[in-house]
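Encoded as structure tokens, the structure appears first; notes follow it.
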Amino acid sequence: MAELGSKGVTAGKIASNVQKKLTRAQEKVLQKLGKADETKDEQFEQCVQNFNKQLSEGTRLQKDLRTYLASVKAMHEASKKLTECLQEVYEPDWPGRDDTNKIAENNDLLWTDFHQKLVDQALLTMDTYLGQFPDIKSRIAKRGRKLVDYDSARHHFEALQTAKKKDETKIAKAEEELVKAQKVFEEMNVDLQEELPSLWNSRVGFYVNTFQSIAGLEENFHKEMSKLNQNLHDVLLGLDKQYSGNAFPVKAQPSDSTPAKANKSPSPPPDGSPITSPETKTVNHELEPSTLEAPGASIPKSPSQSSLPAVVVETFPATVNGTVEGGASSERSDMPPGFLFKVQAMHDYMATDSDELQLKAGDVVLVIPFENPEEQDEGWLMGVKESDWIQHKELDQCRGVFPENFTERVQ
């Protein structure tokens with residue numbers, strides 16, 4: 001019997017809820033059709049608009065903060081891999097080995113601490129801030145339903161009062177329902193009228209605290225990271241000083257399979273020095289640009305025309321103490337045909353293709369024109385080592401191309 005009674009109560013409650021939904025739906029239809037007036041509160045509606053805006057902004061900030069944290073974690077992993085690479089290539093007998101290991105360890109700890117503090121002081125605060133919105137949003141929706149119930153009870157009571165045949169019993173019951181509906185609505189309305197403006201105003205302090213925390217954490221992180229970077233710089237400077245007498249070969253970019261080196265730019269010298277321009281060298285001679293230009297000679301271009309001072313290569317002869325430099329082969333029998341000028345290698349260059357010259361710092365190269373000027377790439381010259389020319393007097397097997405910015409022109 002108790003079970004049957006419980007089922008009866010449940011069924012009655014379900015029926016009551018269904019009836020409420022039907023009544024609300026009917027009331028909303030009448031209001032939309034203009035057949036029933038609707039209680040309006042413009043001040044509350046403005047509060048609701050502010051609430052929705054605040055929720056939207058907070059949700060976006062939470063999403064962007066999580067993206068920022070994911071980026072910090074990714075940077076941590078990348079930095080860790082980079083320091084691990086340095087530890088692997090840093091040989092045991094090099095000075096500062098222990099220092100590099102300590103710097104790598106502190107680097108890892110610094111990133112970890114930065115990420116964790118961001119979580120504690122920013123993300124968790126953000127989650128707490130947004131955690132209050134779902135309950136208030138639910139209460140706003142419930143207030144809306146109770147307002148419809150109040151309007152419905154009010155209209156029902158007014159209809160009974162204005163009916164031609166009045167039923168005092170029904171009127172009394174309708175009045176009782178109206179008072180009950182009004183009380184429930186006003187209790188919820190008063191609470192929300194106080195909470196919503198307070199919540200809206202709290203956003204300023206929350207944004208200030210959140211972004212101040214992030215900015216402060218970033219400032220401290222970069223200060224500490226700057227110290228580590230300076231320590232690493234000092235360690236590597238000590239290594240460089242100990243091995244400063246060693247020459248480190250630098251390879252150019254890989255060559256393609258075509259005969260001409262299309263789109264190939266030589267690597268910059270290892271010390272990063274700018275390309276030497278012949279225009280900046282002082283030569284005690286008068287220029288005679290009218291005669292003796294080497295046939296077929298092409299003016300090579302600097303590989304860095306867009307970012308470094310242009311290199312202008314003279315293709316006209318110069319008279320130095322009565323001797324013509326840069327003239328045709330008939331006037332310089334000791335030079336290869338079409339000889340233009342001499343350059344000296346300032347850095348080692350490892351040849352990466354069969355048609356390239358391999359250079360050592362100090363090598364003197366006799367520059368000659370390309371047989372087909374169209375094959376000359378920007379930043380590359382054709383030449384033969386002076387030592388090879390003196391020994392063999394043979395161009396076909398000795399000549400090759402080389403990057404201009406690894407050399408300096410000599411008289």
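Among the residues of region 199-249, none is identified as touching a strand residue (DSSP E or B) at 6+ places or on another chain (Cβ under 6 Å) and loosely packed, with under 12 Cβ neighbours inside 10 Å. Out of curiosity, is F157 open to solvent by less than 80 Å² (accessible area, probe 1.4 Å), in contact with a Ser or Thr (Cβ under 9 Å, 6 or more places away or on another chain) and farther than 30 Å from K80 by Cβ? No, not satisfied. Taken together, the residues in region 168-190 that are touching a helix residue (DSSP H, G or I) at 6+ places or on another chain (Cβ under 7 Å) and open to solvent by 60 Å² or more (accessible area, probe 1.4 Å) amount to 4. Out of all the residues in region 116-134, which are surrounded by fewer than 16 Cβ atoms within 10 Å (Cβ to Cβ), among the charged types (D, E, K, R) and under 16 Å from N220 (Cβ atoms)? D120 - this is the single residue of region 116-134 that is surrounded by fewer than 16 Cβ atoms within 10 Å (Cβ to Cβ), among the charged types (D, E, K, R) and under 16 Å from N220 (Cβ atoms).
If you go through region 167-191 and keep only what is within 17 Å of E38 (Cα to Cα), touching a Phe, Trp or Tyr at 6+ places or on another chain (Cβ under 6 Å) and of a type outside the set (F, W, Y), you end up with L178, A181, Q182. The single residue among K142, K137, K164 that is farther than 30 Å from L82 by Cβ, surrounded by fewer than 19 Cβ atoms within 10 Å (Cβ to Cβ), among the basic types (K, R) and in contact with a Phe, Trp or Tyr (Cβ under 8 Å, 6 or more places away or on another chain) turns out to be K137. Checked against (1) out of contact with any Pro (no Cβ under 7 Å at 6 or more places or on another chain); (2) modelled with pLDDT under 95; (3) not hydrophobic (A, V, I, L, M, F, W, C), E219 meets all criteria but (2).
Can you pull out every residue in region 369-411 that is open to solvent by 10 Å² or more (accessible area, probe 1.4 Å), in a strand (DSSP E or B), within 13 Å of F339 (Cα to Cα) and not basic (K, R)? Once the filter is applied, which keeps residues that are open to solvent by 10 Å² or more (accessible area, probe 1.4 Å), in a strand (DSSP E or B), within 13 Å of F339 (Cα to Cα) and not basic (K, R), region 369-411 yields only M382.
Pairs are defined by a Cβ separation below 7 Å, a sequence spacing of at least 6 or placement on different chains, a first member in region 60-81 that is within 15 Å of M225 (Cα to Cα), and a second member that is open to solvent by less than 60 Å² (accessible area, probe 1.4 Å) and assigned to a helix (DSSP H, G or I); the pairs so defined are V72/F114; V72/H115; V72/L118; H76/W111; H76/H115; S79/N107; S79/W111; K80/D108.
Filtered by the rule that a residue be small (G, A, S) and closer than 30 Å to L69 by Cα, region 118-169 gives A122, G131. Of the residues making up region 350-367, those that are in contact with a strand residue (DSSP E or B) (Cβ under 6 Å, 6 or more places away or on another chain), under 17 Å from V410 (Cβ atoms) and either open to solvent by less than 10 Å² (accessible area, probe 1.4 Å) or assigned to a loop (DSSP other than H, G, I, E, B) (or both) are L357, L359, A361, D363, V365, L366, V367. Any residue that is of a type in the set (S, T, N, Q) and part of a helix (DSSP H, G or I) - is there at least one of those in region 149-156? For region 149-156, residues of a type in the set (S, T, N, Q) and part of a helix (DSSP H, G or I): present. For region 351-365, residues that are among the charged types (D, E, K, R) and within 40 Å of the chain's Cα centre (by Cα) total 2.
The values are calculated or read from the model by the stated rules, or taken from the named source; none is laboratory data. All values reported here derive from a predicted model rather than from experimental measurement. Every residue, glycine as well, gets a Cβ built from its backbone with ideal geometry; the counts of neighbours run over all protein chains shown. Surface accessibility is based on the protein's heavy atoms, side chains included, excluding ligands, DNA and RNA. Shrake-Rupley method; radii C 1.70, N 1.55, O 1.52, S 1.80 Å.
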